[in-house]
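Visitor: One structure is given below, represented as structure tokens, and several questions about it will come after.
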Amino acid sequence: MPFTGDDGRTVQPDFTITTDIGETVLWEHLGMLGDPRYEAKWTQKRAWYAANGVLSPDEGGARRATLIVTDDRNGVDVQAWLDRARKVLGL
């Protein structure tokens with residue numbers, strides 16, 4: 001589901017979750033880290049998210065949405081990703 005920032009720009013996160021209490025969680029999976037162009041685009045998108053009230057729980061939560069970020073740098077760790085999601089979603 002698209003996410004529109006305060007500045008009117010719309011981006012497409014990998015996943016958008018709306019909790020039962022109406023909170024929005026955006027999940028980005030960074031599957032191409034190591035590709036300089038991909039990393040540069042992610043750096044810009046991450047800064048845009050922060051400027052538009054979207055932060056990870058480690059950054060203190062968010063005004064507009066909470067951001068979950070996963071990657072493959074240490075291999076595919078589905079259990080760790082699910083654990084992170086459950087923690088953010090309060091499951």
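Visitor: Which of the residues that make up the range 35-83 are in a loop (DSSP other than H, G, I, E, B) and free of Cβ contacts under 8 Å to residues at least 12 places away in the same chain?
Guide: Residues satisfying the conditions are Asp35, Gly60, Gly61, Ala62, Arg63, Asn74, Gly75, Val76, Asp77.
Visitor: Take the residues in the range 40-78 that are over 25 Å from Gly8 (Cβ atoms) and β-branched (Val, Ile, Thr), then tell me which one is surrounded by the fewest Cβ atoms within 10 Å (Cβ to Cβ).
Guide: The residue in question is Val78.
Visitor: Since Arg37 meets every condition but one in (1) under 15 Å from Asp71 (Cβ atoms); (2) modelled with pLDDT of 95 or more; (3) surrounded by fewer than 17 Cβ atoms within 10 Å (Cβ to Cβ), which condition does it not meet?
Guide: Just one mismatch for Arg37, condition (1).
Visitor: Considering each residue of the range 56-91, count those that are among the hydrophobic types (A, V, I, L, M, F, W, C) and in contact with a Leu (Cβ under 6 Å, 6 or more places away or on another chain), and give that number.
Guide: Here the count works out to 3.
Visitor: Name the single residue that is nearest to the chain's Cα centre (by Cα) among those in the range 1-29 being exposed (fewer than 13 other Cβ atoms within 10 Å of the Cβ) and of a type in the set (S, T, N, Q).
Guide: Gln12
Visitor: Condition first: out of contact with any helix residue (DSSP H, G or I) (no Cβ under 7 Å at 6 or more places or on another chain) and of a type in the set (Ser, Thr, Tyr). Now tell me which residues in the range 1-39 satisfy that.
Guide: Scanning the range 1-39 gives Thr4, Thr10, Thr16, Thr18, Thr24, Tyr38.
Visitor: Let me ask something else about it. How many residues, within the range 1-53, are closer than 25 Å to Val76 by Cβ and β-branched (Val, Ile, Thr)? It would help to see each step written out before you state the result.
Guide: Initially, the range 1-53 is screened for residues closer than 25 Å to Val76 by Cβ, giving 1, 11-17, 25-43, 45-46, 49.
Subsequent filtering for residues that are β-branched (Val, Ile, Thr) retains 11, 16-17, 25, 43.
Going through the range 1-53 one residue at a time, the tally reaches 5.
The values are calculated or read from the model by the stated rules, or taken from the named source; none is laboratory data. Keep in mind it's a predicted model, so treat the numbers as computed, not measured. Counting neighbours? That spans all protein chains shown, and the Cβs are built from the backbone with ideal geometry, glycine included.
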